[in-house]
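Worksheet: one structure, shown below.
Please treat every number below as a calculation from the coordinates, not as lab data. Not measured: the values here are computed from a predicted model. Counting neighbours? That spans all protein chains shown, and the Cβs are built from the backbone with ideal geometry, glycine included.
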Amino acid sequence: MPDVFQPLYRVHDLDRSQRGATGLDLSTLAKLDRGILDSALFADKAIYRTEVQEIFGSSWLFLGHEDQVQNPGDWVRSRMGNQSIIVVRNADGELHGFINTCRHAGYRLCPDDRGSATRFQCELHGWTYDLDGRFVAMAGYGQAFSSILNKDDWGLIALAGLAQYRGLLFGIFNPPVESFEDFVAETRPTLDVLAALAEDVDLTSVVYKWNVHTNWKVAAEHLGRDDLLLFPNVSFSQDSRILHVWHPINHLSTEVWAYVLAADATEQEKLDLIARDEQLRHAIASVYGAIPKTRAIASDRQRAFYETWTVRMAASTENDQ
Ligand code: FES
């Protein structure tokens, strides 16, 4: 996928005063009572690192649909934040979610989008894992490592939680701040709409992806036609009929995954929907070509987004103290 948009950011790093003694001074970054956002929110590495850890690390994040892994051994690759994830159905029919990284030296375990397997074997040196993520074998294990490595310690890194709602799959990296039941209760109307539309759609075959040289929050708050939001990174519009999931790659780069939820549409109609989405991509990439030092909050949706963002970030800075 070519990266056609070049970054034109005026990067505003945090002032020394905004870092504070123990962490980020959120009151100077998001002045919600006055409708003002500091542009460091969209370009600062320290803020980004905190978001990845505290927001993406402890939120229920959309992974896909259980129909993508119907049978034992079926697996599908997805993404949570800046991590590649594999979801697999084990021999007993249970679902697991793992970070798609070999424990030996961090090589990507599954390079493809989906498949069916009895085991996962890393291409680099052959470390092999079963469908429950256990490390089971490697060439030369007995001779080279048996005295220093305990196999039980070297399984794949599992998500802290994997849950489904009417077939929609969600994962979470760390023990949740919010239970899945609470998350579902808060977002049930949104999820019911999504679940109904996703029922007849193969989410693997219709996903398409694009990169924008933009902080993830720009995409999150600026998908103007979208009207449903699952904080932090999912939006959907019954007008566009496209489900957007945006993944932070770094503080100035975002990968957007788009799922066309239009099972009844013809191929040409789907192409038309995607073409309209291309216009959105251009809009996101060009609106923020240059950022002034401060920005105004311009909609209720934007305000709600930053209210939630502030609460989640505040929890993290309180924990640091
Ligand atoms: S990195 Fe996977 S076996 Fe070495």
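Quick notes on this one:
- Under 26 Å from the Cα of Lys31 - lysines, other chains or at least 8 residues apart: Lys45, Lys217, Lys293
- Gyration tensor verdict on the range 63-161 (Cα atoms; rounded if a/c is under 1.5, prolate if a/b is larger than b/c, oblate otherwise): prolate
- Magnitude of the charge dipole, the range 63-161, Cβ model with Lys/Arg +1 and Asp/Glu -1, debye to 20: 300 debye
- Rounded to whole numbers, the Karplus 3J(HN,Hα) couplings from phi for the range 255-266 are 9, 9, 9, 10, 10, 7, 9, 8, 4, 8, 7, 6 Hz, using 6.51 cos²θ - 1.76 cosθ + 1.60 with θ = phi - 60°, and x at Gly and Pro.
- Three-way shape label, the range 160-217, alpha-carbon gyration tensor, a/c 1.5: oblate
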